[in-house]
């Protein structure tokens, strides 16, 4: 990730314009663009997260370039993505920076002939990571379902039990795709929850935990008993 690239970008534009005029560069097609691919969901599990970014279009070829500023709705500019004839960059996110929903605002983009390119404005949302696990055991017609939930803790820089996590244990018949709610879940101080019930039929089970404004939602793998 390159920060504070505005002055550099202006200089590059001037150089590219001069070179284009001297070479009699052709006009780019109006359909040309520079597109940023940024993850919509960023899960934080460490004090530092390197988030891969990718660009496509004429800005990644030759002396073309493109830039986007990452804007937080209340904290303003957070970072800059800059591609100078390349297709990849990295967003360096640290936990002392704000979380939330942020927009990659277009700055400028040009091809090798100094033709301005259109740009998109993707959105990335940063929250703490969470994980949900479910195990199932059967004894005759009794099925015991054990839920475990974990989340990232910034101050301690480690994973801890996701306490008071709300969600639902779901089930479906083997071979079907529609999930049905079985039991409401609220994890205890250990990030755990247990439910035991009677069912003679084999079923698929999973647990789906709700997120919060700062923690992502999570779903467990599917188990069959």
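The values are calculated or read from the model by the stated rules, or taken from the named source; none is laboratory data. Bear in mind that the values here come from a model prediction, so they are computed numbers and not experimental data. Glycine gets a Cβ as well: all are built from the backbone with ideal geometry, and neighbour counts include every protein chain shown.
Taking region 111-121 as the range and being touching a strand residue (DSSP E or B) at 6+ places or on another chain (Cβ under 6 Å) and buried (at least 19 other Cβ atoms within 10 Å of the Cβ) as the test, the residues that pass are 117, 119.
Looking at region 1-113, the strands (runs of 3 or more DSSP E) lying wholly inside it that each contain 2 or more residues that are at pLDDT 95 or above and over 25 Å from residue 153 (Cα atoms) sit at 33-37, 48-57, 65-72, 76-84, 88-94, 100-110. Only one of the numbered conditions (1) touching a residue at least 24 places away in the same chain (Cβ under 8 Å); (2) under 23 Å from the mean Cα position of the chain (by Cα) is violated by residue 179, and that is (2). Among the residues making up region 191-203, those that are exposed (fewer than 11 other Cβ atoms within 10 Å of the Cβ) and not in a strand (DSSP E or B) are 200, 201. Within the bounds of region 174-184, is there any residue that is closer than 24 Å to residue 126 by Cα, crowded, with 16+ Cβ neighbours inside 10 Å and modelled with pLDDT of 95 or more? Checked region 174-184: no residue is closer than 24 Å to residue 126 by Cα, crowded, with 16+ Cβ neighbours inside 10 Å and modelled with pLDDT of 95 or more.
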